[in-house]
Amino acid sequence: MPVPYARRLSASTAKKKKEANSAVMRKKVMDAVVHGKGKGGRTIQSHLEATRTQAYPTHMLGNKSKVPRESYQGWGHIPTVRKAIGNPHIPGRVIKEALYERSAKAYEAEWNAAARKGKLKASAKAGTKQKMDQWAKDITRNITNANARNGQFVANEVKRRIGANDKAGRLTTLVDLGSGAGKTIFPTVEKLSPSQRKKVRVTCVDVSSKDFPTIKKGLLALGVPKENILLIKASFGSLLKNPKLRSLAGEADVVTSGAALHHMSRSETVFSEVQKLLKKGGSFKFWDWSHPTWRAPNLVIAPKGAEVSINGRAYKHNGKIVRGKSGMAFISQRPGKRRNLRSELAQTREMLSTWVSLLNFSAKEKQAFRQWFDRRVESGKPINFESYLKRLQGKRPSKKAEIEVMEAHKTWQNYSRALKGSGMNFGRPVFSPDSGLLVHYSAKK
Ligand SMILES: C[S@@+](CC[C@H](N)C(=O)[O-])C[C@H]1O[C@@H](n2cnc3c(N)ncnc32)[C@H](O)[C@@H]1O
């Protein structure tokens with residue numbers, strides 16, 4: 001007897017559902033998204049390609065980073081991947097994982113390419129004495145101060161744990177996420193005494209291993225024993241997939257990170273991995289950039305006293321809610337309630353004018369930008385940094401900008417919300433006294 005049409009349909013749906021959740025399908029998705037291989041691979045690559053060749057960020061520096069960051073289009077890729085592979089039931093999390101993997105791989109390639117270029121620049125410059133502009137000194141000083149402050153906070157936490165761990169015959173486990181060339185881990189270890197440095201297991205994690213030799217050399221020089229140094233290549237979004245990190249699950253006393261977590265568009269994902277790494281009572285302390293400038297191409301200053309939503313898409317004023325048009329976000333003028341917290345307006349002014357400097361335009365251009373910014377604010381006109389930069393295009397920067405990769409920095413509210421949602425006990429953020437753009441966060445499991 002022929003199978004009724006409805007039954008035939010549901011049998012094939014059931015088969016597809018089963019297939020969608022299989023390990024074979026996970027591999028298919030990985031192959032197609034990360035390597036462009038297998039069914040749907042080419043279609044998916046050409047879809048992602050459109051993202052890859054866009055300037056990143058499109059509305060900021062117009063720079064040409066080629067990272068296929070999933071944050072471009074949110075999770076808009078998910079239906080495309082499902083369709084290309086031919087199974088509408090593939091779980092979103094499987095596709096997200098593959099997109100993260102692709103993003104991390106491309107990021108690493110980009111970072112390594114930038115490093116190679118850096119070397120070339122250094123050799124071309126050899127022998128020339130570059131006079132650093134005041135802005136460069138300020139930025140360096142502020143970041144150094146943020147690193148030193150973070151290092152002190154983290155080291156205090158490590159010190160508190162060394163005694164009890166030592167009595168129990170255990171090392172104290174410290175993990176640094178996005179360790180780079182060590183500007184976070186070195187100031188932390190430096191704050192420990194020589195004998196304390198021998199009681200810590202230092203685990204540095206980065207998606208790129210290019211700086212691992214620097215880290216190892218630096219830690220050895222600080223007196224951390226070789227056998228206590230672990231260098232792990234892994235991505236924030238999938239830390240526990242790495243077998244070495246998996247073996248540390250529930251073991252970490254302190255997890256830290258400096259200027260790195262914004263590389264992950266979804267903070268919730270990395271926080272949930274951190275939570276798994278930490279032992280009960282373990283501490284998570286990190287610092288990162290904080291400003292609302294990233295929200296949209298056109299930034300509009302909300303009226304005085306208005307309360308702006310976290311993503312800047314709307315504000316509330318005199319009992320009315322005003323929503324922004326597409327491509328527009330609001331910036332709050334409210335003064336910060338907490339110590340050292342500047343208003344979003346002040347942060348925006350600081351960040352955008354810092355970018356003028358980071359592009360190596362002169363201090364005079366930075367000043368001119370600030371005046372333009374203030375006039376726009378006064379007249380209520382939107383601030384479009386990209387269009388301002390076009391004016392600067394004819395003018396020569398003092399030297400070629402070395403900033404190649406600008407990133408989706410977060411506001412402190414974004415991080416606070418994600419930390420609260422992580423299940424960890426979240427403490428008060430500490431706003432840097434040196435700059436309205438640097439914030440230190442802490443949480444405990
Ligand atoms: C701005 S550097 C900060 C390095 C160091 N913490 C410091 O304070 O100088 C950001 C680092 O995060 C790393 N990174 C970016 N995305 C990552 C990811 N998804 N997983 C792991 N590391 C990542 C980069 O390779 C880079 O070394």
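Values in this text are rule-based calculations from the coordinates and carry no lab data. Bear in mind the structure is a predicted one, so any value in this text is a computation, not a measurement. Here the Cβ is made from the backbone with ideal geometry for all residues, glycine too, and neighbour counts use every protein chain on show.
Annotations
- Ascending count of other beta-carbon atoms within 10 Å, so fewest first, for 214, 354: 214, 354
- Span from the the stretch 249-311 Cα centroid across to the the stretch 173-234 one, whole angstrom: 22
- Sites residue 227 and residue 428, calculated FRET efficiency, Cβ-Cβ separation with R0 25 Å, nearest 0.05: 0.10
- Compactness of the stretch 293-392, taken as the C-alpha radius of gyration over 2.2 N^0.38 Å, stands at 1.09.
- Cβ-derived FRET efficiency at R0 25 Å, residue 156 paired with residue 241, nearest 0.05: 0.20
- Residues 350, 268, arranged from fewest to most other Cβ atoms within 10 angstrom of their Cβ, appear as 268, 350.
- More than 19 angstrom apart: percent of Cα pairs within the stretch 161-213: 31
- For the stretch 293-392, share of DSSP beta bridges that run antiparallel, in % to the nearest 5: 65
- Distance in nm between pseudo-label sites at residue 392 and residue 195 (7 Å out along the Cβ direction from Cα): 5.3
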